[in-house]
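Reading through the C-alpha cells given below for one structure.
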Amino acid sequence: QVQLVESGGGLVQAGGSLRLSCAASGRTFRFYAMGWFRQAPGKAREFVAGISQSGGSTKYADSVKGRFTISRDNAKNTLYLQMNSLKPEDTAVYYCAAGDSIQRVVAGNSDWGQGTQVTVSS
C-alpha cells in the first residue's frame, strides 16, 4: 500500500484560504489517481475532489466547485488542495486518497492517509 501523509490544515476565518498537501511515499506516485475526502463529526465521509494520474482530468463535489482546486506534482510525489472562500460548513478532517483510477477514487476504492483537521470559524 502507498503511504500518504496529509498536512496544511488549521484554523481559518470564513472567507479565508488554506492549501492542503499530501505526501506519498515510494516511487510510483504517478501511477495513482488521487483525491480528497472529508468527514465531520457524526457525518458520513464526503468526496471533495479527484484527479487523474497525469492531472489531465479533475472532478469536484458541487459544494466546493469554483472554490477548491486539486492539483498534483508528480516530480515531488505530492497532491494539493487549494481551498479558497472557506465556509464554516467546510470544517472537517480532510483525507488524501489514492486509487487505480479517478472513477475508483471517487467511489471510495482507495487507500487513505491519517487526515488533517480544517476548522473554519464564523
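The values are calculated or read from the model by the stated rules, or taken from the named source; none is laboratory data. Worth saying up front: this structure is predicted, and the values here are computed from it rather than measured. Calculation scope for accessible area: heavy atoms of the full protein, side chains included, ligands and nucleic acids excluded. Shrake-Rupley method; radii C 1.70, N 1.55, O 1.52, S 1.80 Å.
Kirkwood radius, the range 65-122, all distinct C-alpha pairs, inverse of mean reciprocal distance: 12.9 Å. Comparing the chain with the 2.2 N^0.38 Å rule of thumb, its C-alpha radius of gyration ratio is 0.97 (two decimals).
THR119 contributes about 50 Å² of solvent-accessible surface, heavy atoms of the protein only, 1.4 Å probe. Note on the chain: GNM, Cα springs under 10 Å; of SER101, SER85, SER110, the largest mean-square fluctuation is that of SER85. Short-range pairs are left out: with C-alpha atoms under 8 Å and at least six residues apart, the relative contact order of the range 1-79 is 25 percent.
With a 1.4 Å probe rolled over the protein heavy atoms of all chains, the accessible area of TRP112, TRP36 falls in the order TRP112, TRP36, largest first. Phi-derived couplings, Karplus 6.51 cos²θ - 1.76 cosθ + 1.60 at θ = phi - 60°, listed residue by residue for the range 64-80: 10, 4, x, 10, 10, 9, 9, 8, 8, 10, 5, 5, 9, 6, 9, 10, 10 Hz, with x used for Gly and Pro. Of the solvent-accessible surface of the range 1-81, computed with a 1.4 Å probe over protein heavy atoms with every protein chain present, carbon and sulfur atoms account for 47 percent.
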